[in-house]
Amino acid sequence: MTVTPGQASRFLAQATFGPTPSQIDAVVRDGYAAWLDAQLAMPPSQTHFDWLLQQRKNTEAFKGNGINAPLESTLWRKFISAEDQVRTRVAFALSEIFVVGVQSITASWPLFGAAGFMDLLAEHALGNYQDLLTAVTRNLSMGCMLTYRGNRKEDPKTGRHPDENYAREVMQLFSIGLLELAPDGTVRKVDGAPVETYTNADVQGLAKVFTGWDINGPETDVEFHRRPMALNNALHSMAEKRFLGAVIPPGTDGHLSLKRAMDVICAHPNVGPFIGMQLIQRLVTSNPSPAYVGRVSAVFNDDGQGRRGNLKAVVRAILLDPDARNPDLGDPGWGKVREPILRFSGWARAFGATSTNGAWAMPDTTDNTIRLAQSPMRSATVFNFFRPRYTPPVTELARRHLVAPELQITDETSIAGYLNFLAIYADRGWEDLQTTYAPEVALAHDPQALVARVVLLLAGDAFSAQTAGAIANAVATLPASRPRDRVRAAILLVAATPEYLVQK
């Protein structure tokens with residue numbers, strides 16, 4: 001199958017943090033499957049944790065919370081420059097399902113905790129789902145985020161019950177969701193009513209599993225953030241544990257209880273469609289067809305070699321699915337709003353922005369008035385920056401029963417803030433993140449060619465000739481003697497269009 005540059009660019013927008021000229025050429029040359037298979041075979045690139053150590057951020061000066069600027073640096077470093085782009089992109093998608101916010105990490109050096117958690121997601125992003133969920137469950141940063149670090153067993157004398165936070169969210173957010181699903185992701189109904197996946201009694205029973213887990217070793221250096229939490233059996237509930245139709249007998253120790261709980265949760269028929277749907281939403285489209293979800297769910301259940309939960313196979317199925325590669329680009333229900341982080345990384349990768357001194361200095365980009373309205377690993381809650389089923393009220397989307405998760409943080413203020421922030425970088429860079437725009441400057445004498453290049457790199461083949469022509473006409477009004485002004489104008493005008501802001 002012949003792949004055009006525009007199609008390659010659109011594929012890379014789904015699979016990576018944004019197309020680059022060289023990667024577009026590679027996909028055109030090799031085809032989707034061969035390029036993707038080469039990516040899926042890559043080992044993880046340098047970890048965030050190791051980079052922070054290399055930058056000597058493990059000192060007393062960075063021990064407290066609120067001193068997390070180096071975290072932004074390493075996260076953006078990999079988003080923009082990592083060779084293993086698919087793994088890095090999927091790890092980011094997983095970070096919006098298994099959510100940890102750095103500000104919630106109640107241990108020393110929280111920036112290392114957050115960095116280590118993203119490394120954990122990268123390590124397992126193309127591995128086995130049950131291994132991923134188990135690693136997330138035993139991670140100290142998640143233990144802090146969902147308050148089960150140091151969780152104590154029940155005490156009938158005082159009326160104390162185990163903390164139920166993680167037990168609830170591991171089911172609601174990380175595995176099976178609230179409602180029973182068919183394999184194609186549609187809600188299963190009995191007598192016209194949805195069927196809930198679990199009850200409060202299930203939460204109470206499962207909460208006993210997550211007792212006794214706490215920090216592994218002293219907080220004398222940052223290495224405790226790399227280690228899974230350790231079990232204190234004296235604090236672990238040895239009572240019977242009933243949940244999701246399973247029973248863990250009384251007297252079962254904490255390690256075996258956790259293994260049994262992971263077995264039960266990961267075998268639930270909802271996991272394939274629930275996780276598959278969200279990965280499709282994060283990578284490709286907000287409203288996938290039931291058939292698309294069903295095909296991905298089937299691969300989750302069996303990768304063709306009898307293995308369940310093979311995330312590498314799931315990612316491959318998502319990105320190579322016929323719906324992803326050959327959609328109706330004119331369908332207003334197809335695609336997804338580009339979340340702000342991906343808009344900015346798309347600019348940086350398209351135009352070769354890089355760190356001039358290796359520090360990758362980037363600010364917290366949470367502010368919606370002057371920055372991006374989103375900063376990696378800074379979600380205020382475990383429910384992410386936006387909910388997967390969010391629909392803006394009183395809109396055409398709501399009337400058509402469509403969702404648009406990213407619109408939960410997208411409005412007039414945040415769009416203006418994003419464009420102002422991008423304008424600063426497009427104009428002069430920020431601290432050490434710079435680009436020369438050399439290939440674009442070389443085309444500035446020809447506004448149509450310049451805009452065509454910008455459109456290819458940012459929007460691929462999902463951009464109308466009419467809009468491109470209008471932008472080229474506007475760029476042509478700027479003096480040819482100021483080529484960088486023409487380049488910046490072309491980039492900002494393309495980046496402001498709905499045709500770019502909605503990834504097709």
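In the set (1) of a type in the set (A, V, I, L, M, F, W, C); (2) surrounded by 19 or more Cβ atoms within 10 Å (Cβ to Cβ); (3) in contact with a Lys or Arg (Cβ under 6 Å, 6 or more places away or on another chain), Ala317 fails one condition alone, (3). The residues listed here are Asn384, Asn368, Asn357; of these, the one that is more than 21 Å from the chain's Cα centre (by Cα) and not acidic (Asp, Glu) is Asn357.
When Ala33, Ala8, Ala91, Ala26 are screened for being under 24 Å from Gln278 (Cβ atoms) and surrounded by 15 or more Cβ atoms within 10 Å (Cβ to Cβ), only Ala91 passes. Taking the stretch 43-114 as the region of interest, the helices (runs of 4 or more DSSP H) fully inside it that hold 3 or more residues being over 18 Å from Arg343 (Cα atoms) are 48-54, 69-81. For the criterion of being over 17 Å from the mean Cα position of the chain (by Cα) and touching a residue at least 40 places away in the same chain (Cβ under 8 Å), Gly330 fails. Does Ala444 satisfy the criteria of being hydrophobic (A, V, I, L, M, F, W, C) and part of a helix (DSSP H, G or I)? It is false that Ala444 is hydrophobic (A, V, I, L, M, F, W, C) and part of a helix (DSSP H, G or I).
Lys241 meets each of the listed conditions (1) touching a Gly at 6+ places or on another chain (Cβ under 8 Å); (2) in contact (Cβ under 8 Å) with a residue 40 or more places away in the chain apart from (2). Restricting the stretch 412-431 to residues that are at pLDDT below 90 and either among the acidic types (Asp, Glu) or in contact with a strand residue (DSSP E or B) (Cβ under 9 Å, 6 or more places away or on another chain) (or both), the residue that is surrounded by the fewest Cβ atoms within 10 Å (Cβ to Cβ) is Arg428.
Return a yes/no flag: does the stretch 168-186 have any residue that is in a loop (DSSP other than H, G, I, E, B), in contact (Cβ under 8 Å) with a residue 40 or more places away in the chain and of a type in the set (Phe, Trp, Tyr). Among the residues of the stretch 168-186, at least one is in a loop (DSSP other than H, G, I, E, B), in contact (Cβ under 8 Å) with a residue 40 or more places away in the chain and of a type in the set (Phe, Trp, Tyr), which makes the answer yes. Are any residues in the stretch 119-152 closer than 22 Å to Trp51 by Cα and of a type in the set (A, V, I, L, M), and if so, which ones? Of everything in the stretch 119-152, those that are closer than 22 Å to Trp51 by Cα and of a type in the set (A, V, I, L, M) turn out to be Leu120, Leu121, Ala122, Ala125, Leu126, Ala135, Val136, Leu140, Met142. In this structure, Ala207 does not qualify as loosely packed, with under 13 Cβ neighbours inside 10 Å, in the same structural domain as Leu133 (by TED's automatic domain parsing) and in a helix (DSSP H, G or I).
In the stretch 29-42, the qualifying residues are those that are out of contact with any Phe, Trp or Tyr (no Cβ under 9 Å at 6 or more places or on another chain) and assigned to a helix (DSSP H, G or I), and the one that is farthest from Arg89 (Cα to Cα) is Asp30.
Out of the stretch 103-120, which residues are buried (at least 24 other Cβ atoms within 10 Å of the Cβ) and either closer than 23 Å to Asn270 by Cβ or touching a residue at least 60 places away in the same chain (Cβ under 8 Å) (or both)? Talk me through it step by step, then tell me what you get.
Of all residues in the stretch 103-120, those buried (at least 24 other Cβ atoms within 10 Å of the Cβ) come to 105, 109-118, 120.
The answer is Trp109, Phe112, Gly113, Ala114, Ala115, Gly116, Phe117, Met118.
Here the stretch 389-409 is the region considered, the condition is being within 17 Å of the chain's Cα centre (by Cα) and assigned to a loop (DSSP other than H, G, I, E, B), and the residue that is surrounded by the fewest Cβ atoms within 10 Å (Cβ to Cβ) is Arg389.
Does Asp263 qualify as being over 30 Å from Trp109 (Cα atoms), assigned to a helix (DSSP H, G or I) and assigned by TED's automatic domain parsing to the domain that holds Arg295?
Working: over 30 Å from Trp109 (Cα atoms): yes; assigned to a helix (DSSP H, G or I): yes; assigned by TED's automatic domain parsing to the domain that holds Arg295: yes.
For Asp263, the condition - over 30 Å from Trp109 (Cα atoms), assigned to a helix (DSSP H, G or I) and assigned by TED's automatic domain parsing to the domain that holds Arg295 - is met.
Please identify the pairs in which a residue from the stretch 379-393 that is farther than 12 Å from Gln172 by Cβ has its Cβ atom under 6 Å from the Cβ atom of a residue that is among the hydroxyl-bearing types (Ser, Thr, Tyr), counting only partners at least 6 apart or on another chain. That search, which allows pairs on different chains as well, returns Phe385/Ser379. Look at the stretch 252-274: where a residue is more than 17 Å from Met229 (Cα to Cα), no partner that is in a loop (DSSP other than H, G, I, E, B) and at pLDDT below 95 sits 6+ places away or on another chain with Cβ atoms under 8 Å. Tell me, please, whether a residue that is modelled with pLDDT of 95 or more, touching a Leu at 6+ places or on another chain (Cβ under 7 Å) and buried (at least 18 other Cβ atoms within 10 Å of the Cβ) can be found in the stretch 468-476. Yes: one or more hits. A single entry from Met277, Met229, Met238 fulfils the requirement of being more than 24 Å from Arg89 (Cα to Cα), in contact with a Pro (Cβ under 9 Å, 6 or more places away or on another chain) and crowded, with 17+ Cβ neighbours inside 10 Å: Met238.
The values are calculated or read from the model by the stated rules, or taken from the named source; none is laboratory data. Computed from a prediction, not measured in an experiment: that's the story for all the values here. With ideal geometry, Cβ positions are generated from the backbone for all residues, glycine too; neighbour counts draw on all protein chains shown.
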